[in-house]
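Here the structure comes first, spelled out in structure tokens, and everything after it is commentary.
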Amino acid sequence: MSILDSKIPEGPIKEKWTNHKNNINVVNPANKRHIDVIVVGTGLAGGAAAASLAEMGYNVKAFCFQDSPRRAHSIAAQGGINAAKNYQNDGDSTYRLFYDTVKGGDYRAREANVYRLAEVSANIIDQCVAQGVPFARDYGGLLDNRSFGGVLVSRTFYAKGQTGQQLLLGAYSAMSRQIGKGKIEMLNRHEMLDLVLVDGKARGIIARNLITGEIERHSAHAVVLGTGGYGNVFFLSTNAMGSNVTAAWKAHKKGAYFANPCFTQIHPTCIPRSGDYQSKLTLMSESLRNDGRIWVPKKKEDVIAIREGRLRAVDLKEEDRDYYLERRYPAFGNLVPRDVASRAAKERCDAGFGVNETGEAVYLDFAAAIMRYGTEKATVDGIHNASETMIRELGEKVIEAKYGNLFQMYEKITDDDPYKTPMMIYPAVHYTMGGIWVDYNLMTTIPGCYAAGEANFSDHGANRLGASALMQGLADGYFVLPYTIGDYLANEIRTGKISTDLPEFIEAERAVKDRISTLLENKGSKTVDHFHKRLGKIMWDNVGMARNEEGLKKAIAEIKALREEFWKDVFVPGKANGLNPELEKAGRVADFIELGELMALDALSRSESCGGHFRDESRTDEGEALRDDENFAFVSAWEWTGDPSKAALHKEALEFNDIELKQRSYK
Amino acid sequence: MSLTGLFLITFLTLHLAINLLTLVDKDLFNEASHFMATNIGIQAMQYVLALGFIMHIGLGIVLTLQNKKARPEKYAFNKPSANSQLSSRSMIYTGLLVLVFLVLHLKDYFVELKFGDMNGFNNDYDLVVALFGMWQYTVIYVLAFIALGIHLNHGFQSAFQSLGANHSRYTPTIKKLSAIYCVVVAVGFSAIAIVHFVNS
Amino acid sequence: MNLTLKIYRQDGPNSKGRMETYPVTDISEHMSFLEMLDVLNEQLVNDGKEPVAFDHDCREGICGMCSLYINGEAHGPDRGVTTCQLHMRKFKDGDTIHIEPWRAAAFPIIKDLVVDRSAMDRIMNAGGFVSVNTSGNTQDANAIPIPKVDADKAFDAATCIGCGACVATCKNSSAMLFVGAKVSQLALLPQGQVERTDRVLNMVAQMDEEGFGNCTNTGACEVECPKGISLENIARLNSEFLIASLKAEKK
């Protein structure tokens, strides 16, 4: 087992980042124009990195599989972005954000990275406002905040329920500016299908032009992966249909270690599934837990009556409702972290209290908030002795201003009016904390290959707090990677243009083409989605919200068998030379199958519970996740050996010098 | 389009006002008509007006051709009624109808009054009355006024939008005015034709 | 329910297109429109045929990738939704549904229902941004208070997802709502003031170059826009353009 060098700078945690920036190598402006950087993915991390690197003077080639960089899935983030601005004067600070994030991640994140994240968080807000991002404001014209799970302060900046969209469009506009100047060459509808290494360094990629089907070689002095997470391994998730692991997985197979793959976030508030045809699940922002109360009926007979349509949720008396989060976690109530809220919902539903036909749904109720806001508004407007109907109307308007688009989305999907009847929600796969292992500079174990945003593993430990994904993506892309990459590129100023005719490029291109023809010539009998759905079921049943040794072993065996069957029996229609969505899916699902096996292996090897990773064998007497710091205070970084179930484990020990390791409690 | 359109709208308003005089008093109308035909300022404005017409028509045709080019392949199945008013979609057609009418109208009145022998009539009023005595004329004129009304229904309020004036407080009023105005123009002009036809 | 689909198919950018008819059965009313197309495609693949290509990604109405002209309307008969949020409960058993790609000279067809919307990106590249480097060394975010009414209007304009429904639905294939939304967002915010004049002139010039038609104020775009972007933004684009044209220095 090798020792992973995380390159954490020396010195007190507060000074690490500043000192590091002062000491790393820098490329002189005149030399930057001789250096090429490839950025794959144009979400918050990739888009921000591409724009920043181009501004600095590097020649950037950016790739995305969508038809425009503005469509990356960061756009779907709803609730907000955290920043330690302390605008609400509630005692927030860099340290508090750092502490909350490490604790929220159940002490499985790297302290130094998280501190840096908290440190630059405030700059993100300044930067975005300067770019023209229209954050929500109060009547004084200053920025508004809301609260998110797992914290006791209000530090989340937002733009209605479309914060991700506004931030991504900010990054996209910064990219647009550089594309217009010719500093970024934007390659839309291109998919990275392999990483090319020359003399052990990342030197380029092989990409498929999704319109013409042409396989292209692109060279650069460094490659940045901002390719997002791999939640779609579960088939059903809140990810976009195209979100995939392929770019990250190809890098993994070329030598980048994959860290903590089993750390998956199951988001507590999603619209429950309705049928087998379902293609994806839709998230209802965590911000709704600011005002919504989660409950199920106390009595089984009421549950049955509700399921059979004999009883309406609104008619159930207050004393017959079980606000189980408020009951179990009085201090944080409905705003416990996501992993805790999800498990609590699963616990109630497993016990038979689920409120829809499938038994997999709980209520998220806004009635109390509507009345509270209505009363407040009536007072502000000077309306005395307002009727209940009037108060409700006023309250509904306030709720609409805060969450209008989410409520509309819910109504369009379910045909229920959430202003009048409580929403039904259930946990769904949402985010992956695991990802490519990176050091403090965000470089993977392949020199010259970087990973940023959700694609890397570094900041969220075993559970991410709400509104922190946007923060990390932009922090990595705008403020971290553009500096740290200079340390590596400073040694590349004499390299000169890298030829795409090197044997390594030719070989990688040949391998990519071979794989495509194998898929197309296979002429099996089952569709790609057939395999994806089966993989998803194995993953959800065994590597989902609760895991145990038996299930994980079973999953490994089943996925292995599925992989063999896939390559024998998959049918991919169409041709290689042209737009072929089935072919694209086939390549992605093939990689998901391999990844699924590694996730199960990782979950099996980590026989403790922490954050989103819950092992049935490791729980407290009250049923909470029980960490094992003595044996598992490390990052699992897996090395590809040719067979996912035989991946080699490397450990990066986690040291906690500034935060005391404690059993997490939100009671 | 909007500037020339608004200019033509002011002309139209004046035109309607003078024409309505034919329903009030023969002499008053003749006097007004005489003033319009002899006043130097008005005479000068005639050229501006002609230019306004030419620009409005020319621009309209150029715009339409450009817009056709922007969608060379049509939809096999389209349902524009779901999202827009027919009047807004048929501006070029109502406009061309009005243009055809305009040619006829100029020939009948403008040319006659200015250069012709007035078909033997003594004054403007008698010419008007005589022409509307023929039912074919009245029908053509009324149809043209309906087309003009539809054209104005969109054109009036649309001109403000094109000039960048859209405000939650004023736009609803402009739209109401627009609706009233197009009815006034169509009904007003038609009434003149019909009344003279009936009286003849 | 059982439906008859009439779908436009075109093999490649330079091929000739045709309408084809496909029956689908057992469609649940809870399905989204794209899930219904998934069912058709699964069926086609199982029959060894090539599935219908269509653009889609997030399937929650925010990425702007999905398109489709359904029964003569952009994003179909429902209001305030994208095609991925359109649900089959809006249709009846036995219905015939016409599905076509966006049609505009500026949006050439790539395959079947997939079109190339990069013209919109190029308009953005021409000026849809504030020229501020991403250093983070700007002034504090709260240094300039912005009246809530302006911030809210800027936000409403900024919610445009760039799907192109406005272009597709406009009888003139005009992109004025799309351009108006971005110009408005930045014109309403103090941060957008410095480049206000150049921005609108450059973006409009690029828009014209791409071959979009002119706005004749039919208002169809506002009705079909899945995000309800208001015509007020087109009016603002018009006034911004007029003022900028008068104000701009000679080049």
Assess whether A:GLY231 counts as being in contact with a strand residue (DSSP E or B) (Cβ under 7 Å, 6 or more places away or on another chain), within 14 Å of another protein chain (Cβ to nearest Cβ) and either crowded, with 21+ Cβ neighbours inside 10 Å or at negative phi (or both). yes
How many residues does the stretch B:32-72 hold that are loosely packed, with under 15 Cβ neighbours inside 10 Å and more than 21 Å from the chain's Cα centre (by Cα)? 9
Take the residues in the stretch C:117-138 that are more than 7 Å from chain A (Cβ to nearest Cβ) and open to solvent by 50 Å² or more (accessible area, probe 1.4 Å); name whichever of them is nearest to the chain's Cα centre (by Cα). C:ARG122
Odd one out for A:GLU639, checked against (1) open to solvent by less than 50 Å² (accessible area, probe 1.4 Å); (2) among the acidic types (Asp, Glu); (3) in contact (Cβ under 8 Å) with a residue 40 or more places away in the chain: (1)
When residues of the stretch A:1-42 are filtered for being closer than 28 Å to A:LYS61 by Cβ and in a loop (DSSP other than H, G, I, E, B), how many remain? 11
Residues that are open to solvent by less than 50 Å² (accessible area, probe 1.4 Å) and basic (Lys, Arg): does the stretch A:270-279 have at least one? no
Result of the Cβ filter at 7 Å on the stretch B:54-67, keeping first residues that are among the hydroxyl-bearing types (Ser, Thr, Tyr) and partners that are at pLDDT 95 or above and open to solvent by less than 70 Å² (accessible area, probe 1.4 Å), at least 6 apart or interchain, is B:THR64/B:ILE92
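Considering A:LEU152, A:LEU168, A:LEU195, which residue is assigned to a helix (DSSP H, G or I) and more than 9 Å from chain C (Cβ to nearest Cβ)?
A:LEU168 is the lone residue from the list that is assigned to a helix (DSSP H, G or I) and more than 9 Å from chain C (Cβ to nearest Cβ).
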Only unsatisfied item for B:PRO80, checking (1) modelled with pLDDT under 95; (2) open to solvent by less than 80 Å² (accessible area, probe 1.4 Å), is (1)
Pairs, please: C-beta under 9 Å, at least 6 apart or cross-chain, first residue within 7 Å of chain C (Cβ to nearest Cβ) and in the stretch B:71-94, second open to solvent by 90 Å² or more (accessible area, probe 1.4 Å)? B:PRO80/B:LEU86
Count - residues of the stretch C:56-73 that are within 14 Å of chain B (Cβ to nearest Cβ) and not hydrophobic (A, V, I, L, M, F, W, C): 5
Among the aliphatic types (A, V, I, L, M) and more than 30 Å from C:LEU44 (Cβ to Cβ): does that describe A:LEU519? no
In this structure, is B:PHE197 of a type outside the set (A, V, I, L, M), modelled with pLDDT of 95 or more and open to solvent by 20 Å² or more (accessible area, probe 1.4 Å)? no
Can you tell me which of (1) in contact with a strand residue (DSSP E or B) (Cβ under 8 Å, 6 or more places away or on another chain); (2) at positive phi is the one A:GLU608 doesn't meet? (2)
When you scan the stretch C:168-189, do you find a residue that is within 27 Å of A:GLN78 (Cα to Cα) and among the β-branched types (Val, Ile, Thr), even just one? yes
Turns out the helices (runs of 4 or more DSSP H) fully within the stretch A:285-369 with at least 3 residues that are farther than 24 Å from A:SER609 by Cβ and of a type in the set (A, V, I, L, M, F, W, C) are A:300-307
Any idea which of (1) in a strand (DSSP E or B); (2) closer than 18 Å to A:ALA401 by Cα is the one A:GLY140 doesn't satisfy? (1)
With farther than 30 Å from A:PHE571 by Cβ, in contact (Cβ under 8 Å) with a residue 40 or more places away in the chain, among the aliphatic types (A, V, I, L, M) and part of a loop (DSSP other than H, G, I, E, B) as the only criterion, which of A:ALA490, A:ALA467 stands out? A:ALA467
Check whether at least one residue in the stretch A:17-36 is open to solvent by less than 10 Å² (accessible area, probe 1.4 Å), in the same structural domain as A:SER243 (by TED's automatic domain parsing), in contact (Cβ under 8 Å) with a residue 60 or more places away in the chain and within 30 Å of C:ASP55 (Cα to Cα), and report yes or no. no
From the list A:GLU622, A:GLU652, pick out the single residue that is acidic (Asp, Glu), within 18 Å of A:TRP437 (Cβ to Cβ) and either at pLDDT below 95 or assigned to a strand (DSSP E or B) (or both). A:GLU652
Single condition C:ASP38 does not satisfy, out of (1) more than 17 Å from C:TRP102 (Cα to Cα); (2) modelled with pLDDT of 95 or more; (3) more than 7 Å from every other protein chain (Cβ to nearest Cβ): (3)
Quick one: A:ALA159 ticks every box in (1) within 18 Å of A:ALA62 (Cα to Cα); (2) within 14 Å of chain C (Cβ to nearest Cβ) bar one, so which box is it? (1)
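Go over the candidates A:TYR450, A:TYR431 one by one and state the one that is assigned to a strand (DSSP E or B), touching a strand residue (DSSP E or B) at 6+ places or on another chain (Cβ under 6 Å) and under 23 Å from A:ILE38 (Cα atoms). So that I can check it myself, show each step before the final result.
Details: A:TYR431 fails: under 23 Å from A:ILE38 (Cα atoms).
Unique residue meeting the criteria: A:TYR450.
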Which residues, counting only those in the stretch A:648-657, are over 24 Å from the mean Cα position of the chain (by Cα), farther than 24 Å from A:VAL336 by Cβ and open to solvent by less than 70 Å² (accessible area, probe 1.4 Å)? A:ALA648
Which numbered condition in (1) under 17 Å from the mean Cα position of the chain (by Cα); (2) facing chain B (nearest Cβ under 8 Å) is the only one that C:SER239 fails? (1)
Lone unmet requirement of (1) among the aliphatic types (A, V, I, L, M); (2) touching a strand residue (DSSP E or B) at 6+ places or on another chain (Cβ under 9 Å); (3) open to solvent by less than 10 Å² (accessible area, probe 1.4 Å) for A:ALA378: (2)
The helices (runs of 4 or more DSSP H) lying entirely within the stretch C:156-251 that contain at least 1 residues which are open to solvent by less than 10 Å² (accessible area, probe 1.4 Å) and closer than 20 Å to C:GLY127 by Cβ are C:165-169, C:176-188, C:196-209, C:232-247
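Output the residue which, of all residues in the stretch B:144-167 that are open to solvent by 50 Å² or more (accessible area, probe 1.4 Å) and over 17 Å from B:ILE92 (Cα atoms), is modelled with the lowest pLDDT.
B:HIS167
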Would you check if there is a residue in the stretch A:175-186 being under 23 Å from the mean Cα position of the chain (by Cα) and within 11 Å of chain C (Cβ to nearest Cβ)? yes
Considering the stretch B:168-183, residues that are closer than 12 Å to B:HIS154 by Cα and basic (Lys, Arg), and then whichever is surrounded by the most Cβ atoms within 10 Å (Cβ to Cβ), we arrive at B:LYS175
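The values are calculated or read from the model by the stated rules, or taken from the named source; none is laboratory data. Predicted model only: the values in this text are computed from it and were never measured. Cβ coordinates were reconstructed from backbone atoms using ideal geometry, including for glycine residues, and neighbour counts include every protein chain displayed. Accessible surface is based on the protein model in full, side chains and every heavy atom, while ligands, DNA and RNA are left aside. Shrake-Rupley method; radii C 1.70, N 1.55, O 1.52, S 1.80 Å.
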